[in-house]
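So the structure is just underneath, and the comments pick up after that.
Bear in mind that the values in this text are calculations on the coordinates, not laboratory data. As the structure is a prediction and not an experimental result, all values here were calculated from the model. As a convention, Cβ positions derive from the backbone with ideal geometry for all residues, glycine included, and neighbour counts pool all protein chains shown.
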Amino acid sequence: MSTQIKVEFNLIGENFSPENFTKQLGINPTLTYVKGEKVHNRKNLYRKECCWEYSTENEESLDVSLQFNKIVKIVQPKINVIKLLVKENDLKAKLCIIINIGDITPAIYLEQEHIEFLHKMNATLDIDCYVNEK
């Protein structure tokens with residue numbers, strides 16, 4: 001089985017309108033939800049926060065930086081608008097790297113520009129690795 005990598009950029013908060021963010025950013029998110037919304041396919045489970053997310057697809061890859069660069073390319077031009085929205089709405093920015101490890105372990109490193117991007121966004125980094133057993 002091949003290794004799959006997905007990178008997500010999330011804006012998370014207690015109470016905001018993901019639709020308004022989409023209009024202000026001019027970026028179509030891959031996922032949005034609001035606090036109190038029922039979680040799809042989960043009985044009696046409801047969202048505890050609002051979220052606006054832009055992500056890559058799960059892609060066959062051995063290098064996290066390829067997917068990270070796709071996020072930076074879309075989000076970087078809107079960094080000032082995002083920083084303002086984060087401040088005005090008391091949001092948290094988070095970047096998640098999800099790796100489903102197949103036959104070969106991928107390279108997991110951050111280039112200087114990735115670290116600078118996270119710093120400018122005051123974003124946290126979450127790396128989840130899952131091993132697919134044969």
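Provide the gained length on full extension for the span Thr22 to Asp63, in nm with one decimal, where the gain is 0.36 nm per separating residue minus the Cα-Cα distance.
Computed gain between Thr22 and Asp63 is 11.8 nm.
For region 21-26, what does the Karplus curve 6.51 cos²θ - 1.76 cosθ + 1.60, with θ = phi - 60°, yield as ³J(HN,Hα) per residue in whole Hz, taken in order and with x for Gly and Pro?
4, 4, 5, 5, 7, x
What ³J(HN,Hα) values, in whole Hz, does the Karplus curve 6.51 cos²θ - 1.76 cosθ + 1.60 give for region 122-130 when θ = phi - 60°, with x put for Gly and Pro?
The phi angles translate into 6, 9, 8, 10, 10, 10, 10, 10, 10 Hz.
To the nearest 10 degrees, how steeply does helix 64-75 sit against the main Cα axis of the chain, on a 0 to 90 scale?
So the inclination is approximately 20 degrees.
Considering the values (1) 32; (2) 47; (3) 41, which represents percent of Cα pairs over 22 Å apart as calculated for the structure under consideration?
The value matching this structure is (3).
Hey, what number do you get for the chain at 222 nm if only DSSP H runs of n ≥ 4 count, each worth -39500 (n - 2.57), divided across all residues, to the nearest 500?
-9000 deg cm²/dmol
Enter the angle in degrees (range 0 to 90, nearest 10) between the Cα long axis of helix 112-121 and the first principal axis of the Cα atoms of the chain, meaning the one along which they spread out most.
Once rounded, the angle reads 20 degrees.
Counting other beta carbons within 10 Å of each Cβ, put Leu25, Leu31 in order, fewest first.
Fewest-to-most Cβ neighbours within 10 Å comes out as Leu31, Leu25.
Arrange the following residues from fewest to most other Cβ atoms within 10 Å of their Cβ: Cys96, Cys51.
If I rank by nearby Cβ atoms, fewest first, I get Cys96, Cys51.
Restricting to DSSP loop positions (anything but H, G, I, E, B) with no more than 16 other Cβ atoms inside 10 Å of their own Cβ, which chymotrypsin sites (Phe, Trp or Tyr not before Pro) remain in region 50-130?
Those that pass, being in a loop and sparsely packed, are Tyr109.
At a 10 Å Cβ-Cβ cut-off, how would you order Leu11, Leu62, fewest neighbours first?
By the 10 Å Cβ count, ascending: Leu62, Leu11.
Which of the pairs Lys43/Lys70; Lys70/Lys92; Lys43/Lys120; Lys38/Lys120; Lys48/Lys70; Lys38/Lys92 have their Cα atoms more than 31 Å apart in this structure?
From Lys43/Lys70; Lys70/Lys92; Lys43/Lys120; Lys38/Lys120; Lys48/Lys70; Lys38/Lys92, over 31 Å: Lys43/Lys70; Lys43/Lys120; Lys38/Lys120.
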